[in-house]
1. Before we move on, is Trp231 crowded, with 16+ Cβ neighbours inside 10 Å and modelled with pLDDT of 90 or more?
2. For the range 180-191, how many residues meet the condition of being in a loop (DSSP other than H, G, I, E, B) and in contact with a strand residue (DSSP E or B) (Cβ under 8 Å, 6 or more places away or on another chain)?
3. Condition check: modelled with pLDDT under 80, surrounded by fewer than 16 Cβ atoms within 10 Å (Cβ to Cβ) and either in contact with a strand residue (DSSP E or B) (Cβ under 7 Å, 6 or more places away or on another chain) or among the polar types (S, T, N, Q) (or both). Does Gln194 satisfy that?
4. Here is a check on your reading of the model: is Asp133 of a type in the set (D, E, K, R) and assigned to a loop (DSSP other than H, G, I, E, B)?
5. For the range 141-167, give me the residue count where each residue is closer than 19 Å to Ala129 by Cβ and out of contact with any Pro (no Cβ under 9 Å at 6 or more places or on another chain).
6. May I ask you to say which residue of Thr147, Thr163, Thr136, Thr142 is farther than 28 Å from Arg120 by Cα and hydroxyl-bearing (Ser, Thr, Tyr)?
7. Name the residue, out of Val209, Val202, Val174, that is within 15 Å of Gln153 (Cα to Cα) and touching a residue at least 40 places away in the same chain (Cβ under 8 Å).
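The values are calculated or read from the model by the stated rules, or taken from the named source; none is laboratory data. Remember, predicted model here, so these are calculated numbers, not experimental data. Ideal geometry is used to build each Cβ from the backbone, glycine not excepted, and the neighbour counts take in all protein chains shown.
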Amino acid sequence: MNKKGIMKTRNNIADVAIDRYEKSKMFLLVLFFMSGLAMIFAGFWAELKLNRFLQFTTKHSYAPSYVLIGTGIIVIFAGFFACCWSSDKGNPVIMYACSVSLFLVVVIEVSAAVAMLVFRKSWIENFDAGMKDAITKYKKFTPYFDTEVDSFQIALKCCGDHTYNDWLNLNPPVPQSCCIKTSCDTNDVSKIYQEGCYEKVVAFFKNNVKYLAVGIAILAVFPLLGIIIFWGLARGGKKSNYQQVK
């Protein structure tokens, strides 16, 4: 093969590497954007739903929701950076850097999923103690705190920690937020919720936290797929650059 033919072959190899990058760019952008939005949505769900229960635990933390929201933002940012801001198409250094960044994202997502499953039992136990403490402080702390306790019982349609008797034993009388209707005579047990909030919380954690953790772990597949694609693009770009120099 003459020199002109060799140069043409090398240029074709380089064009193939760039073409692969261009075809993968939009796919990766959509992939990261959707997975990032899903993480942010899960974070806001945890903020609105999960923290409603965690606020009465003895060790309340907003960390789960913040980790999810922060990870989602990082995933979206990484997608835009890698797919839109990298003007040097097919640059192996950029591709390898993106692979490492996405690997860290995978580690964060998997860690968050494992942490939710590990701390689920601890959250339930802390809620048991925290709810008893909330009942004891009711009408003795701040009006805002009382409103939170009332809103919690109304939303979950429950009364006390394990039963309405917790109010009678710890801080009588039973509050109006235990009423089945808007207001009632709380001395009449037929007109108040008799199931405690603890059972409601246990059911919530068993039915939702597990699925949330599994969902987060599944979302880790998307950046993992991005790692594979970026790694392949980097190797292809490196090979084409080597052959061009050669």
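1. Numbers: crowded, with 16+ Cβ neighbours inside 10 Å: yes; modelled with pLDDT of 90 or more: no.
Against the criterion (crowded, with 16+ Cβ neighbours inside 10 Å and modelled with pLDDT of 90 or more), Trp231 does not qualify.
2. Initially, the range 180-191 is screened for residues in a loop (DSSP other than H, G, I, E, B), giving 180-188.
Those left that are additionally in contact with a strand residue (DSSP E or B) (Cβ under 8 Å, 6 or more places away or on another chain): 180, 184, 186.
Total satisfying the criteria: 3.
3. Details: modelled with pLDDT under 80: no; surrounded by fewer than 16 Cβ atoms within 10 Å (Cβ to Cβ): yes; either in contact with a strand residue (DSSP E or B) (Cβ under 7 Å, 6 or more places away or on another chain) or among the polar types (S, T, N, Q) (or both): yes.
Judged against the criteria, Gln194 is not a match.
4. Working: of a type in the set (D, E, K, R): yes; assigned to a loop (DSSP other than H, G, I, E, B): no.
In short, no.
5. Going residue by residue through the range 141-167, those that are closer than 19 Å to Ala129 by Cβ are 141, 145, 148-149, 152-153, 156, 158-167.
Pick out the ones that are also out of contact with any Pro (no Cβ under 9 Å at 6 or more places or on another chain) and you get 141, 145, 148, 152, 156, 158, 160-166.
Number satisfying all stated conditions: 13.
6. On the way: Thr147 fails: farther than 28 Å from Arg120 by Cα; Thr163 fails: farther than 28 Å from Arg120 by Cα; Thr136 fails: farther than 28 Å from Arg120 by Cα.
Result of the check over Thr147, Thr163, Thr136, Thr142: Thr142.
7. Details: Val209 fails: within 15 Å of Gln153 (Cα to Cα); Val174 fails: touching a residue at least 40 places away in the same chain (Cβ under 8 Å).
Within the list Val209, Val202, Val174, the selection yields Val202.
Every residue, every condition in (1) among the hydroxyl-bearing types (Ser, Thr, Tyr); (2) modelled with pLDDT of 70 or more; (3) within 30 Å of Asp146 (Cβ to Cβ), yes or no:
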| position | (1), (2), (3) |
| --- | --- |
| Val16 | no, no, no |
| Leu31 | no, yes, no |
| Met34 | no, yes, no |
| Ala38 | no, yes, no |
| Gly43 | no, yes, yes |
| Lys49 | no, yes, yes |
| Val67 | no, yes, no |
| Ile74 | no, yes, no |
